[in-house]
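This report concerns only the one structure given below.
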Amino acid sequence: MTRILVFVLGLGLAAFAATSPTGSIVGTVFDSIGDPVDHNAVQAKNTQSGAVFNATTSASGQYTLADLPPGAYDISVNAPALRPFEKKGVIVETSQVAKLDIHLEDTTQLNTLGEDRTHQVADLKRHKPPSGPTPRTFDGKPDLSGVWWRTRTVDPGKPEWLPAALAITKQRVESNGKDNPQAHCLPSGPLRNGPLWQFVQSKDYLVYISDDESPGFHQIYLDGRGHPADPNPAWYGHSTGHWEGDTLVVDRVGFDPRVWLDMESHPHSDKLHIIERYHRPDAGHLEIEITVDDPGVLAKPWTQKRVTDLANEEILEFICTENNRDVDHLVGK
């Protein structure tokens, strides 16, 4: 009797799959050495409707994005200590299963001890952000002060890079990042946060401090001033901020031409304009929305969303030129 029931149930599932108006994407996520990436988010975004679907990898790295309406999807994965992954235009057909295995690559740290995925995953697991209401300053504004973990991207957006920008990025990647400013003890790109970073807030200033770059800090002016008419180009740009309700809006312009935009080696032009929106919904979490407007490298403004947790850590001194061994090994091709 049991066998008959299982057989009938199997026929029912097969009949349902054959008539289902939706499809699915399945696969396995691997790290740079071929090990499965477990308990990690995989996102699919419908290119027409903008609808977002999420799945989480199993202990063996497998994922299933089910009940997807037919159409084209952009697939993205972000995992600690690995390069973000994106594949555009994955086609889903009615009642069909699309197979997509995902192989993530190393970051510029090349999986070195202390910067490897195992270490960063352990870091993320060992802290618990506090609960409670949003802390506020004496004048009632949300207090963004605190040490924060490396941000996690929850919506990567859909950047449309111009051909010239893609060519520069390709050249930098193929050269193994030998000219990456950060490898030469210069600041990282303005879209990078972490691994640990800190906000120190007062009425007129917000100071950003990073724990692993030089000089590792910049100021955000909250005193109502505007940008200079002709800002002196700076690695971190010139930043001003204002409040829109409980959200701090930061406006950044005037970037040094030598800075790389992000960890993925994208360039920028002298038209680069970044808007950051910070919202602290409670004591332990921070929500960040970043819009990059640069008609010199992007066909249209690009917006991404991130989140981060409060860290029970301290920012330590970082002197990059002490024992820096990157340059000798970044020989390019």
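The values are calculated or read from the model by the stated rules, or taken from the named source; none is laboratory data. A quick note: this is a predicted structure, and the numbers were derived from the prediction, not measured. Virtual Cβ from ideal backbone geometry, glycine too; neighbours counted across all protein chains shown. Note: accessible area is taken over every heavy atom of the protein model, side chains too, but ligands, DNA and RNA are not part of it. Shrake-Rupley method; radii C 1.70, N 1.55, O 1.52, S 1.80 Å.
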Notebook entry, point to check: What single numbered condition from (1) at positive phi; (2) exposed (fewer than 14 other Cβ atoms within 10 Å of the Cβ) fails to hold for C185?
Noted result: (2)
Next item on the list: Can you work out which of the residues in the range 137-158 that are of a type outside the set (D, E, K, R) and closer than 30 Å to D74 by Cβ is farthest from the chain's Cα centre (by Cα)?
Entry: W148
Checklist line | V249 being assigned to a loop (DSSP other than H, G, I, E, B), open to solvent by less than 20 Å² (accessible area, probe 1.4 Å) and of a type outside the set (G, A, S) | finding: no
Checklist line | Hits in the range 289-300 - residues which are under 16 Å from L261 (Cβ atoms) and either surrounded by 16 or more Cβ atoms within 10 Å (Cβ to Cβ) or modelled with pLDDT under 95 (or both) | finding: I290, V292, D294, V297, L298
Check: Given (1) open to solvent by 40 Å² or more (accessible area, probe 1.4 Å); (2) more than 28 Å from E313 (Cβ to Cβ); (3) in contact (Cβ under 8 Å) with a residue 60 or more places away in the chain, where does A165 come up short, assuming only one miss?
Finding: (1)
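Condition check ((1) open to solvent by 20 Å² or more (accessible area, probe 1.4 Å); (2) over 19 Å from K158 (Cα atoms); (3) at pLDDT 90 or above) across all residues:
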| site | (1), (2), (3) |
| --- | --- |
| A44 | no, no, yes |
| S60 | yes, yes, yes |
| L65 | no, yes, yes |
| R83 | yes, no, no |
Item checked: Of all residues in the range 301-327 being among the acidic types (D, E) and out of contact with any Leu (no Cβ under 7 Å at 6 or more places or on another chain), the one that is least open to solvent (accessible area, probe 1.4 Å) -> D309
Next item on the list: Scan the range 252-269 and report the pairs whose first residue is under 22 Å from K170 (Cβ atoms) and at pLDDT below 95 and whose second residue is open to solvent by less than 30 Å² (accessible area, probe 1.4 Å) and not in a loop (DSSP other than H, G, I, E, B), with Cβ atoms within less than 6 Å and a gap of 6+ or a chain change.
Entry: S265/T169
Checklist line | Hits in the range 165-190 (condition: over 13 Å from P267 (Cα atoms), of a type in the set (A, V, I, L, M) and either assigned to a helix (DSSP H, G or I) or touching a Cys at 6+ places or on another chain (Cβ under 6 Å) (or both)) | finding: A183
Notebook entry, point to check: If you check K158, K178, which single one turns out to be touching a strand residue (DSSP E or B) at 6+ places or on another chain (Cβ under 8 Å) and surrounded by 14 or more Cβ atoms within 10 Å (Cβ to Cβ)?
Noted result: K158
